[in-house]
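Heads up, the thing below is written out as structure tokens.
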Amino acid sequence: MSSMGLREQLGMSKDPDFVIDVPEGWSRRDVTSDSMDSMLESLKTQFMRAHQPAMYASMKRLVGEAFDGMKQSGAVGFYAPVDAPEGTFLMPASIIVRIKRADGGASLDAYVRTLIDQRGAEKLFGDPRTLRFEERAVVRVEGQEFINNSVTYLSPIPGSSRKRAVEFVASLVSLPQDENQEWLAAQKSLIDLCIASLRWRESKN
């Protein structure tokens, strides 16, 4: 069985890969069971070191649900603090990567207008190539309430005629009492800088 994608089989070039800068201790992973196990082991080490076993139990469930969601949404990978060196500060966050496509082979222009009009999407640091918008949702795990602060970024894939875009969805977990603290804003700013560093590699046939 051929492992080639449809675009390669039709003689078309593959979409270029990309690179972003991430904090120390973060890495890019595929959406696999091995990746989830590795991430959970890293989280367990961190929370046990901080004497927070209950927090780890809650995060373990959230991570499992997140992996299920990634698989269902067609995520192609994610960035997270996995296998970080001891002593590295790890913020409770991750960045999911998906490829966004318009229906029927159309461009994503209509979708982009919807993001701007209905979700308040704005240019990231004034760069028209990348849109950014925020959402938040309350999540309850075993009676504990958390806030999932998500920041979504959309950037068209070069050579796709705006028919495909890479979508980064950053999720930052906080407690309700942390909502107005400066550290949450600082984490969002750090993720903004990570996505702003997006660079495309030359595609290969």
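Quick notes on this structure:
- Sequence-distant lysines (8 or more away, or on other chains) whose Cα lies within less than 23 Å of Lys188: Lys60, Lys100, Lys123
- In this view, the solvent-accessible surface of Asp103, computed with a 1.4 Å probe and all protein chains in place, comes to about 140 Å².
- Ser160-Ser189 FRET efficiency (beta carbon distance; Förster radius 35 Å; 0.05 resolution): 0.75
- Neighbourhood charge, 11 Å Cβ-Cβ cut-off, centred on Ile157 and excluding it, Lys, Arg +1 and Asp, Glu -1: +4
- Full extension of the chain between Ala137 and Ala102 yields a length gain of 10.0 nm, computed as 0.36 nm times the residue separation minus the alpha carbon distance.
- Full-stretch length increase - Lys71, Asn148 - with 0.36 nm per residue and alpha-carbon distance subtracted: 25.8 nm
- Remark: accessible surface ordering of Lys123, Lys188 (largest first) is Lys123, Lys188, probe radius 1.4 Å.
- Of the solvent-accessible surface of the range 106-205, computed with a 1.4 Å probe and all protein chains present, 47% belongs to carbon and sulfur.
- Accessible-area value, Ser33, 1.4 Å probe, nucleic acids and ligands omitted, Å²: 70
- Solvent-accessible surface (1.4 Å probe) assigned to Met48 amounts to roughly 80 Å².
The values are calculated or read from the model by the stated rules, or taken from the named source; none is laboratory data. Small disclaimer: the values here were computed from a predicted structure and weren't measured. Glycine also receives a Cβ, built like all others from the backbone with ideal geometry; neighbour counts cover every protein chain displayed. All accessible areas refer to the heavy atoms of the entire protein, side chains included, with ligands and DNA or RNA removed. Shrake-Rupley method; radii C 1.70, N 1.55, O 1.52, S 1.80 Å.
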